[in-house]
Amino acid sequence: MKKVLLLLLAVAVCAGGYWFYNRATTGPEASLVEIRAALEAKDMEKLQKYVDFKHTSNSLVEQSQDMAVGLLPQELQGAANLLRTGLKAKKQLTSAVRSQLIQSVETVSGQKVPEVADVVKLLPVGKLINTKLLPKLEFEGVDHIDRQDSISLVGLKVRPVNSEQSMVLELRMIQKEDYWQVVGVENFGEVLPKLISIGKKNKDQVAQE
């Protein structure tokens, strides 16, 4: 009986090892490694395989539109929602943000995160926000990976420079054959106000010194 239990345990350990290896080589984790390598090498062709800039830009535009409408007086929000349905304007915004994302990535090095301010100034909230207040971000690591079938939410832990407060940017990734691709930033609309608050606090502290 003991031998049977030992055999089952050995099978379980081997199966677990295979599962972990399989996730690390074919799951979202593997694509994150490839994205990091592409950033370090500034390999745009490789990066665009693992990051869908068009859909990611569309995600940023939609969430910033929601935020911009939310900042308006309630009596104007209905009219603003009608105006935001203009497809041409949305396409132009998405195209502009996509170009800025690519440009930011092309100048990035190591594990640094593309500057949020460069992208935000092109979004619908760009004219409502002083982008100079937005802090620079440093990448601290992967916070979590929630995988459900062909969709994964990957939390990247970042920390604004000169701040002790870390936050999580949640990427939406979808499975594409034998790899995973980033298609959006799930919580951009939640993170942006926090970044603005931290940036304003940092500026106020500098002014008091």
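The values are calculated or read from the model by the stated rules, or taken from the named source; none is laboratory data. Just so we're clear, the structure is a prediction, and the values are computed from it rather than from any experiment. Neighbour counts run over all protein chains shown; Cβ positions are idealised from the backbone, glycine included.
A few comments on the model shown:
- Scanning the range 141-173 for residues that are among the aliphatic types (A, V, I, L, M) and not in a strand (DSSP E or B) gives a single hit, VAL161.
- Residue check for GLN111: modelled with pLDDT of 70 or more and farther than 17 Å from LEU192 by Cβ: no
- Residue within the range 121-136 that is of a type in the set (S, T, N, Q) and at pLDDT 85 or above present: no
- Tally of residues being under 14 Å from the mean Cα position of the chain (by Cα) and surrounded by fewer than 18 Cβ atoms within 10 Å (Cβ to Cβ) across the range 169-185: 1
- Checking each residue of the range 19-27 against the condition of being farther than 19 Å from VAL154 by Cα and at pLDDT 75 or above gives no match.
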